[in-house]
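A.B. asks: Sharing a structure here in structure tokens format.
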Amino acid sequence: MSSYGRYHSQSYAPSAPQEPSYPPSSSGYSSFPPGTPQDVIRSFQMVDRDGSGFIDEYELQQALSSAFHRFNLRTIRLLMFLFKHPHQPLRIGPNEFAALWNCLGHWRGIFERYDKDRSRKIDALELRDALYGIGYAVPGSVLQLLLSKYGDGSGRRVELGFDSFVECGMIIKGLTDKFKEKDRGYSGSATLKYDDFMSMVIPFLVSYE
Ligand SMILES: [Ca+2]
């Protein structure tokens with residue numbers, strides 16, 4: 001029996017589509033969800049210099065890099081694509097920003113819990129344990145393939161910073177959850193139509209350099 005997805009965990013990725021929150025109201029940022037912490041609102045406002053109520057990938061990079069640590073643009077593009085409203089261009093508003101911030105907080109907790117040697121990096125074994133800990137028993141061959149994207153070609157041991165860790169986690173979680181939709185009995189195999197397969201995978205391929 002497959003155990004690739006033992007249970008559904010929540011908050012590690014966007015779930016239901018966010019209610020659209022645009023156009024922004026004339027009073028500015030009233031479309032943050034109730035209870036959004038002030039520091040989250042401030043972070044958004046600081047980078048949304050033109051006050052349009054939307055931020056682009058560079059502004060998001062700036063906001064997240066000052067709150068967490070430097071985020072590479074590849075991770076930012078994946079996050080942006082996964083969190084933005086499906087019918088909007090590559091930009092996010094207050095609602096999506098708050099959801100993204102909340103999601104990153106969960107990933108931060110996981111990162112810290114599984115960084116066993118406190119190196120502020122996640123190595124292959126720590127990644128395996130972290131994913132297993134949140135319900136994803138990923139085969140070693142798949143993890144190796146994933147990690148091979150992050151090597152520098154020197155053959156040195158790959159270790160992930162927080163941004164790359166989030167990227168790996170969201171890819172594994174996102175694709176596994178999509179697969180599970182087609183494998184309701186969690187048997188480990190599924191029959192897919194070509195267009196279903198393509199629509200499943202392509203959103204995770206936006207992480208170009
Ligand atoms: Ca570590």
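A.B. asks: Among the residues in segment 117-128, are any under 19 Å from P203 (Cα atoms) and within 16 Å of the ligand (Cβ to nearest atom)?
C.D. replies: Looking for residues that are under 19 Å from P203 (Cα atoms) and within 16 Å of the ligand (Cβ to nearest atom), one finds none in segment 117-128, hence no.
A.B. asks: Please enumerate the residues belonging to segment 56-66 that are open to solvent by 50 Å² or more (accessible area, probe 1.4 Å) and assigned to a helix (DSSP H, G or I). Don't jump to the end; show me each part of the working.
C.D. replies: Kept after step one, since they are open to solvent by 50 Å² or more (accessible area, probe 1.4 Å), are these residues of segment 56-66: 56, 58, 62, 66.
Those that are open to solvent by 50 Å² or more (accessible area, probe 1.4 Å) and assigned to a helix (DSSP H, G or I): Y58, Q62, S66.
A.B. asks: Further question: Find all pairs meeting these conditions: Cβ atoms under 8 angstrom apart; at least six residues apart or on different chains; first residue within segment 106-123 and free of Cβ contacts under 8 Å to residues at least 24 places away in the same chain; second residue open to solvent by 50 Å² or more (accessible area, probe 1.4 Å) and near the ligand (Cβ under 10 Å from one of its atoms).
C.D. replies: D115/K121
A.B. asks: Of (1) farther than 14 Å from D163 by Cβ; (2) within 16 Å of the ligand (Cβ to nearest atom), S43 satisfies all except one. Which?
C.D. replies: Going through (1) farther than 14 Å from D163 by Cβ; (2) within 16 Å of the ligand (Cβ to nearest atom) one by one, S43 breaks only (2).
A.B. asks: Let me ask something else. All but one of (1) within 16 Å of the ligand (Cβ to nearest atom); (2) free of Cβ contacts under 8 Å to residues at least 40 places away in the same chain; (3) of a type in the set (A, V, I, L, M, F, W, C) hold for I202; state the number of the condition that does not hold.
C.D. replies: Status for I202: all satisfied but (1).
The values are calculated or read from the model by the stated rules, or taken from the named source; none is laboratory data. Being a predicted model, the structure only gives us computed values, none of them experimental. All Cβ positions, even for glycine, are placed from backbone atoms using ideal geometry, and neighbour counts span all protein chains on display. For the accessible areas, the whole protein counts, side chains as well, though only heavy atoms, and no ligand, DNA or RNA atoms are used. Shrake-Rupley method; radii C 1.70, N 1.55, O 1.52, S 1.80 Å.
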